[in-house]
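Okay, so here's the structure we're looking at.
Where a number appears in this text, it was derived from the coordinates with a stated rule and is not lab data. These figures come from a predicted structure and were not determined experimentally. A quick note on method: Cβ atoms are made from the backbone with ideal geometry, for glycine too, and the neighbour counts reach across all protein chains shown.
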Amino acid sequence: LISSFEVTLDSIEIFRTHDWISKPTVYFECKGENATLLPDVTKINVVYSFKGQESWQGGFRWSVRLLAVSVKTAVAPLTQLDGKKCKRCGFYEKDVIKTDDVYAEWEFCATDFEPPAGKYILFKENQLNVTFHCQECPSLPGASNATPEKRNIEDDDDDDDDGKGLRIFIILVITAVVSTVTIIGLVMANKHWQKKKRQQDQARFLKLFEEGDDIEDELGLGTVI
């Protein structure tokens, strides 16, 4: 009797990125497990199909949040599901400033996969569309006999708006700090330049007097009393 079932990723399409500057770093993670980085997924509205040995399936599984790498053999499965118990999983985008952004989080169950193909489609509006595959999952008693349908996850607009607001606030703060430091630097540089120029003018003025005294000495001119 099979107690755990291997789940692979058939395809994924993201509809947005949360990072405005650089390419997104997308990864999959289940609670209590290492994250699996998806380095191929970098563009929106592009369907990425996986046929087996993709770049993220070459034997390495990345622990994204700890910025460390743990090596495993045969990392082709995205995760493994228990036949009796679901687990909390999700797709995320790495964020270097604040908490990682969430594409989708849900309870992932082996009974979600539809026979006979063993497909499971996850869809979240304005976020992503994912197709999973589990060859053995349809053999479970609780598996549905219906054709695969998209499972829609409601988008939390409030959380998304809060995330946008926080990001904008952070960008404004960083911009203000950089501008202030730049202005202070320019003012200090200008003061230093003016001080140096005054010193050079004074040195030039004193040098002229010294040269005048030397000329008088050479001509034998003295002070008229």
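Summary of computed values
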read-out: Contour minus Cα-Cα distance for Trp20 and Val181 (0.36 nm per residue); value: 55.6 nm
read-out: Sorted by Cβ density within 10 Å, fewest first, the residues Phe209, Phe50; value: Phe209, Phe50
read-out: Spread of Cα-to-Cα distances over 5 Å intervals beginning at zero, given as percent, for the range 10-50; value: 5, 22, 28, 24, 15, 6, 0
read-out: Under-5 Å amide H pairs with Tyr103, H placed in peptide plane, nonlocal only; value: Phe91, Tyr92, Glu93
read-out: Residue-span extension gain [Ser3 to Lys196] - 0.36 nm each, minus C-alpha spacing; value: 61.6 nm
read-out: Note, ³J(HN,Hα) from phi for the range 88-94, Karplus 6.51, -1.76, 1.60, rounded to Hz, x at Gly and Pro; value: 7, 10, x, 10, 9, 10, 5
read-out: Order by protection proxy (mean Cβ within 10 Å, highest first), peptides 12-18, 190-196; value: 12-18, 190-196
read-out: Amide H partners (placed H, <5 Å) of Gln127, local residues excluded; value: Phe15
read-out: Peptide ranges 125-138, 35-48 listed from the most packed, as the mean C-beta count within 10 angstrom indicates; value: 125-138, 35-48
